[in-house]
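K.L.:
Let me begin by handing over the structure; questions about it come next.
The numbers here are math on the coordinates, done by the rules we state, and not lab data. Keep in mind it's a predicted model, so treat the numbers as computed, not measured. In this analysis, Cβ positions are derived from the backbone assuming ideal geometry, glycine residues included, and neighbour counts consider all displayed protein chains.
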Amino acid sequence: MAVADLPAVQALLSQLGYEVAIGEVERRYRVVSNAENHAAMVAVQDGRATAFLHVFARPAFEKPPEAVVQALVVDSACRGEGIGKALMAAAEAWALQCGFVSIALSSAAARSEAHAFYRALGYERTATSYLMRKHLQV
């Protein structure tokens, strides 16, 4: 992923319901691209990013240290073409290269098509949880 891909990434995020201003997408890109053990990838067709994926290393005590797919989105006009599968294969290769033996992800309960996609790739639901968040004053 490169800075030139960020407008397309912003549009892809919007397709998932995440309306993020381009300046915020740029800020997040800088944070992720400067972080150790993170990878951001895009799939490009006809000179335009049509999908992106963010994966990172998660060391932990309560779970095995593993890679985590934080985000994956394929342009709705390009779904079913194998792009998501290719990006997931790239994330899995990255995880193996980093020495991990497992990879995990979260998917919103309402995204049944995404769940079917991940199951077809060999992923299993292993937990159900709530995401808790507190906004901090800066």
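K.L.:
Under 5 Å between amide hydrogens, which residues at least 5 positions from Arg48 or on another chain qualify, with H placed 1.01 Å from N in the peptide plane?
P.N.:
Result for Arg48 returns nothing.
K.L.:
So what is the relative contact order of the chain, in percent, for Cα pairs below 8 Å that sit 6 or more residues apart?
P.N.:
Rounded, it is 17 percent for the chain.
K.L.:
Among Phe61, Phe52, what is the fewest-to-most ranking by other Cβ atoms within 10 Å?
P.N.:
Phe61, Phe52
K.L.:
A further question on this structure: Residue-wise, which Karplus ³J(HN,Hα) couplings in Hz belong to segment 132-138, taking 6.51 cos²θ - 1.76 cosθ + 1.60, θ = phi - 60°, and x for glycine or proline?
P.N.:
10, 9, 10, 7, 9, 7, 10
K.L.:
Return the sequence-ordered ³J(HN,Hα) values of segment 83-95 in whole Hz as given by the Karplus equation 6.51 cos²θ - 1.76 cosθ + 1.60 applied to θ = phi - 60°, using x for Gly and Pro.
P.N.:
Listing the rounded values in order: 5, x, 4, 5, 5, 5, 4, 5, 5, 5, 5, 4, 4 Hz.
K.L.:
Amide H neighbours of Asp75 under 5 Å, at least 5 residues apart or on other chains, H built in the peptide plane: list them.
P.N.:
Placed amide hydrogens put Ala51 under 5 Å from Asp75.
K.L.:
Could you put Thr50, Thr128 in order, starting from the residue whose Cβ has the fewest other Cβ atoms within 10 Å?
P.N.:
Ranking Thr50, Thr128 by Cβ neighbours within 10 Å, fewest first, gives Thr128, Thr50.
K.L.:
Using the Karplus equation 6.51 cos²θ - 1.76 cosθ + 1.60 (θ = phi - 60°), what ³J(HN,Hα) coupling, rounded to whole Hz, does each residue of segment 109-116 give in order, writing x for Gly and Pro?
P.N.:
Whole-Hz 3J(HN,Hα) from phi for segment 109-116: 4, 7, 8, 4, 5, 5, 4, 4.
K.L.:
For Gln97 and Ala21, calculate 0.36 nm times their separation in residues minus their Cα-Cα distance, and state this gained length in nm to one decimal.
P.N.:
Extra length from Gln97 to Ala21 when fully extended: 24.0 nm.
K.L.:
Related question: Taking the Cβ-Cβ separation of Ala90 and Thr128 as r and a Förster radius of 30 Å, what is the calculated FRET efficiency to the nearest 0.05?
P.N.:
My answer for the efficiency is 0.60.
K.L.:
Continuing with the same structure: What list do you get for Arg125, Arg111, Arg58 if you sort them by fewest beta carbons within 10 Å?
P.N.:
The most exposed by this proxy come first: Arg125, Arg111, Arg58.
K.L.:
Fully extended, how many nm does the chain gain between Val44 and Arg58 (0.36 nm per residue separation, minus their Cα-Cα distance)?
P.N.:
This chain segment gains 2.3 nm when fully extended.
K.L.:
Quick check for you: which residues of segment 65-96 have the amide N under 18 Å from the point 7 Å beyond the Cα of Ser33 toward its beta carbon?
P.N.:
Under 18 Å, as judged by backbone N against the label point of Ser33, lie 71 of segment 65-96.
K.L.:
When the helix-only estimate is applied to the chain (DSSP H runs of n ≥ 4, each -39,500 (n - 2.57), divided by the residue count), what is the mean residue ellipticity at 222 nm, nearest 500 deg cm²/dmol?
P.N.:
-10500 deg cm²/dmol
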